[in-house]
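Chemist: Attaching a single structure in C-alpha cells format; questions to follow.
The values are calculated or read from the model by the stated rules, or taken from the named source; none is laboratory data. Bear in mind the structure is a predicted one, so any value in this text is a computation, not a measurement. Every residue, glycine as well, gets a Cβ built from its backbone with ideal geometry; the counts of neighbours run over all protein chains shown. Heavy atoms of the whole protein, side chains included, go into the accessibility calculation; ligands, DNA and RNA do not. Shrake-Rupley method; radii C 1.70, N 1.55, O 1.52, S 1.80 Å.
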Amino acid sequence: MVGRPSSVAAVVVVVVLVAAMVSTLSSCCCVRAGGGERRRRQEAERHPVVLIPGSGGNQLEARLTEEYSPSSLACRVWPVMRGKGGWFRLWFAPSVVVAPLTNCFAERIKIYYDPAADDYRNAAGVETRVPDFGSTSTLRYLDPNLKLLTGYMNVLASTLEKKAGYEEGFDLFGAPYDFRYGLAGPGHPSRVGSAYLERLTKLVESACAANGGKPAILLAHSLGGLYALQMLARSSPPWRAAHVKRLVTLSTPWGGTVQEMLTFASGNTLGVPFVDASLIRDEQRSSESNLWLLPVPRVFGNTTLVVSRHHNRSYSATNMTQFLRDIGFPEGVEPYRARIRPLVELLPEPGVPVTCLVGTGVDTVESLVYGNDGFEAAPEKSVLVGLEIDELIHWIDIDLRLQGLKP
C-alpha cells in the first residue's frame with residue numbers, strides 16, 4: 001500500500017467522505033418515504049458498489065504439493081493445522097513475524113519469471129488461491145482472527161451498509177486478487193492478471209444485472225485502481241457506458257511510487273512489526289506487481305530518487321534498469337523493460353467519470369540515500385514529504401487527463 005493515514009481521525013474522515021460520495025452518486029439519500037416503501041425505492045435507486053483492494057489488502061491461501069522442497073524442518077511441518085484440502089492462510093498470517101517462519105513465508109509466496117513463457121508462475125510445489133471472490137468478507141480484515149490489528153476495509157464497508165443502506169452480496173461486492181501478479185504491455189501474456197480482469201468484468205456485469213441494470217461504482221484503493229483502469233481501458237465504450245457509472249480511487253499511484261524503490265533495494269516490512277526486511281526482500285523483488293508500481297519516467301522524469309554512496313551513483317525513473325542491476329536484481333531488468341515499461345508509458349483513457357482521492361499531510365517517501373554499505377543495509381536517510389498544494393494540483397491534472405478533459 002502506498003500511504004497510511006496519519007491517524008484514526010484521518011481514516012474516519014476519508015471513510016465518511018467516500019460513503020457520502022457513493023450515497024450522492026446513488027441518489028439514495030434523497031428518498032423520503034416510509035417503511036418498506038422507502039427501502040424498496042432506495043434499493044431501486046442505488047448503484048451497486050464493487051470494492052477493489054490495494055496490494056497488501058488481499059488475503060491469499062496456499063497448499064503444498066509433493067514438488068515443494070522446504071528449506072528447513074520448520075517449513076516442512078508448518079503450519080501444523082491446515083484446512084480442508086490442505087489449504088492454509090499465506091497472507092496475512094501472524095507467523096510471518098516469527099523469524100524461522102518468515103523464511104517459510106518468503107519461499108512460499110515468491111513467484112518466478114519464466115523467460116521461455118514470458119510470464120510469471122508460483123514457486124514449485126506451491127498452489128495458491130484468493131478466497132471469497134465477490135464478497136467483501138476478506139477485505140474487511142487481513143486476518144479475521146486478529147480484527148483489532150488487521151482491520152482494512154471494514155470501516156468503509158460497514159459505513160456503506162449502515163449509512164447508505166448497502167447490503168453485502170446484493171449491491172455491495174468485493175473483488176480481491178492475487179496481489180503478487182500484475183499485467184504487461186501489448187503482446188505479452190499475463191495469465192493470472194488477465195484472468196482477474198475477466199473475473200472482475202463478470203462480477204461487474206452480474207452486479208449490474210442483480211440491480212436492475214444500474215451501472216456500478218468501482219471503489220478502488222492503491223494498486224486496485226490500476227487494475228480497474230486497465231479493465232476499463234480494455235473494454236468497449238458501449239460496455240463501459242452500460243456497466244460503470246464512475247471509478248473512485250483512493251491513493252492510486254498512477255505514476256508509481258518511490259517507496260517501491262525502497263522495497264526493491266532493501267526490503268519493506270509494510271509496517272508489520274518484528275520482521276527483518278532482508279528476509280522478505282527477495283520475495284518482494286519477485287513480485288510482478290511491485291515492478292508495476294516503480295516510479296514512471298513520464299511522471300518523475302530525471303529527478304533523483306535514490307542515491308548510493310557505495311556505487312557513487314544516483315538513480316531516477318529514467319535509469320531504472322541500472323538501479324535493478326546495482327541492487328543485485330539483474331533478472332528483473334528484462335521483465336521491467338519488455339513488459340512493464342510499455343504498460344506504464346501511457347495512461348489510458350478510462351472512458352468513465354473518475355474521482356481521485358489523495359491525502360494531504362501524509363508522510364510519503366520522496367527520496368532515499370544509501371551509505372557505504374550499499375543496498376545491503378537500510379537507507380541512511382529517507383526524505384519524507386506531506387502532499388501539499390502544488391502536488392495536489394499535479395494529481396488534479398492527472399484526474400483531468402483520466403476524464404479526457406485535458407490533453
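Chemist: With a point put 7 Å past each Cα toward its Cβ, work out how far residue 334 is from residue 210 in nm, to one decimal.
Modeler: 4.4 nm
Chemist: Find the centroid of the Cα atoms in region 290-328 and in region 51-122, then give the distance between the two in whole Å.
Modeler: Result: 29 Å between the Cα centres.
Chemist: Of the peptides 368-376, 53-61, how do they stack up when ordered by the mean number of other Cβ atoms within 10 Å, highest first?
Modeler: 53-61, 368-376
Chemist: At 0.36 nm per residue, and after removing the present C-alpha to C-alpha distance, how many nm does the segment from residue 239 to residue 148 gain when stretched out fully?
Modeler: Details: separation 91, 0.36 × 91 = 32.76 nm, distance 4.04 nm.
Full extension from residue 239 to residue 148 adds 28.7 nm.
Chemist: Still on this structure: For region 251-343, what class follows from the C-alpha gyration tensor (a ≥ b ≥ c being the square roots of its eigenvalues): rounded when a/c is under 1.5, otherwise prolate if a/b is larger than b/c, else oblate?
Modeler: It comes out rounded by the Cα gyration axes.
Chemist: Below 8 Å between Cα atoms, with a sequence gap of 6+, how large is the relative contact order for region 209-300 in percent? Show your work: numbers first, answer last.
Modeler: On the way: 103 pairs, mean separation 26.3, N = 92.
Over region 209-300, the number comes to 29 percent.
Chemist: I'd like to check one number: the per residue accessible area of region 274-350, probe 1.4 Å, reported in Å² as a whole number.
Modeler: 43 Å²
Chemist: So which lysines can residue 202 reach, going by Cα to Cα under 25 Å and dropping same-chain residues fewer than 8 places off?
Modeler: In chain and number order, the partners are 214, 245.
Chemist: Let me ask something else. Quick check: from the Cα gyration tensor, does region 51-189 come out rounded (a/c under 1.5), prolate or oblate?
Modeler: Oblate, since a/c reaches 1.5 and b/c is not below a/b.
Chemist: How much length would be gained if the chain were fully extended between residue 163 and residue 114, taking 0.36 nm per residue of separation minus their Cα-Cα distance, in nm to one decimal?
Modeler: That works out to 12.9 nm of additional length.
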